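For reference, the structure I am asking about is given below.
The values are calculated or read from the model by the stated rules, or taken from the named source; none is laboratory data. The structure displayed is predicted, hence computed values, not measured ones. Positions of Cβ are generated from backbone atoms using ideal geometry, with glycine treated the same way; all protein chains shown enter the neighbour counts.
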Amino acid sequence: MKKVIDFILFSNTWISIGAVSCAASAFIFYQKPIAIEFLALVFCATFFGYNLQQSSYDEIFDDRKNQSLWISNYGKVIQKLSYVILIISIIPSVKIFSWKNILFTIPALVLVLFYREKKKNTFSFRSIPFFKLFVIAFVWTWTCAILPQLIYFNKVGLYYPTILFFYIISITIPFDKRDLSYDSKKLKTLPQLIGIKSAYLTSFIIISLLLIIAMYFKRYLFCIYLVITILVLIPSYKIRGEYYYLLILDGLLLLFPIFAK
């Protein structure tokens, strides 16, 4: 069972399902028919994007020892698989979407391709001080909340994209805190700039503001989801095992469609 869980988590299958859940939530929130072909492409794109970034890891980190060892053993195979999946996904995307709709994917694609350094002293968006957190939130928001509207809805509402953007920021901050010991100081991540305690409080302030907004708009079901998020975030103040971050914290995204109505 552990081998199965490790494969799902460390191959980025779990986070890819989370992206599918967020994209499905956009259709549910705006009460539109769910486009299965779009969700399939979101899975493929996320699987490729995360494994592309992961392929640059070449160290064994103590806080991510299981993941690091797994990547050292199977990372190259998963990377090749991700390229195969990308190529396969391009074929139906060209058939399903117009060229105009395909162009809408370029902003996220550029950020993903140039997110992390592939070689030393090469440009990457991740290396821009204080930019890492917002790149991640923007790519998720663009892919899962804005693209469905551009392609299927004829107009773009800002409520769900705004909620998703700040929600992704709030649950990504603990990952920056976890990575504090081996992230380059040049990154100037939030925990590096304001400290662990202040970054921790920032996550809760963001979730609390989202909770107030949800209550104002009478999204009471989503309020329950945010309370669950707060309960999950509480243990993140002290460094937890890698399964807490990858299985539980990332797993929150899979619950999005249940509370999106």
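Scan the range 39-54 for residues that are closer than 17 Å to residue 254 by Cβ, aliphatic (A, V, I, L, M) and surrounded by 21 or more Cβ atoms within 10 Å (Cβ to Cβ) and jot them down.
Initial filter on the range 39-54 (closer than 17 Å to residue 254 by Cβ): 39-40, 42-43, 46-47, 50.
Filter again for aliphatic (A, V, I, L, M), leaving 39-40, 42.
Across the range 39-54, the qualifying residue is only 42.
Where the second residue is aliphatic (A, V, I, L, M) and part of a helix (DSSP H, G or I) and the first is within 10 Å of residue 67 (Cβ to Cβ) and lies in the range 1-13, which pairs have Cβ atoms under 9 Å and are six or more apart or on separate chains?
Cβ pairs passing all conditions: 9/15; 9/246; 9/247; 10/71; 10/78; 10/246.
Can you tell which of 186, 197 is of a type outside the set (A, V, I, L, M, F, W, C) and under 24 Å from residue 128 (Cβ atoms)?
Selected residue: 186, the only one of 186, 197 that is of a type outside the set (A, V, I, L, M, F, W, C) and under 24 Å from residue 128 (Cβ atoms).
While we're on this one: Scan the range 81-96 and tell me whether some residue there is under 25 Å from residue 182 (Cβ atoms), among the aliphatic types (A, V, I, L, M) and surrounded by 15 or more Cβ atoms within 10 Å (Cβ to Cβ).
No, that holds for no residue.
Right, here's the next one. Any chance the range 181-190 includes a residue that's assigned to a helix (DSSP H, G or I), free of Cβ contacts under 8 Å to residues at least 40 places away in the same chain and surrounded by 13 or more Cβ atoms within 10 Å (Cβ to Cβ)?
No, there is no match, as no residue in the range 181-190 is assigned to a helix (DSSP H, G or I), free of Cβ contacts under 8 Å to residues at least 40 places away in the same chain and surrounded by 13 or more Cβ atoms within 10 Å (Cβ to Cβ).
Scan the range 231-250 and report the pairs whose first residue is over 22 Å from residue 50 (Cα atoms) and whose second residue is polar (S, T, N, Q) and at pLDDT 90 or above, with Cβ atoms within less than 8 Å and a gap of 6+ or a chain change.
233/170; 233/203; 236/203
Here is a further query. Looking at residue 213 and the list (1) buried (at least 16 other Cβ atoms within 10 Å of the Cβ); (2) modelled with pLDDT under 90, which single condition is not satisfied?
Tallying (1) buried (at least 16 other Cβ atoms within 10 Å of the Cβ); (2) modelled with pLDDT under 90, residue 213 fails exactly one: (2).
Taking the stated definitions as given, is residue 196 at pLDDT 90 or above, among the hydrophobic types (A, V, I, L, M, F, W, C) and out of contact with any strand residue (DSSP E or B) (no Cβ under 8 Å at 6 or more places or on another chain)?
Taking the combined requirement at face value, the residue does not satisfy it.
Okay, next question. Which condition number does residue 196 fail, the rest of (1) surrounded by 15 or more Cβ atoms within 10 Å (Cβ to Cβ); (2) closer than 29 Å to residue 113 by Cα; (3) among the β-branched types (Val, Ile, Thr) being met?
If we test residue 196 against (1) surrounded by 15 or more Cβ atoms within 10 Å (Cβ to Cβ); (2) closer than 29 Å to residue 113 by Cα; (3) among the β-branched types (Val, Ile, Thr), just (2) comes out false.
Here is a further query. Could you check the range 65-101 and list, in sequence order, the residues that are over 24 Å from residue 146 (Cβ atoms) and polar (S, T, N, Q)?
Within the range 65-101, 66, 67, 68, 72, 73, 79 qualify.
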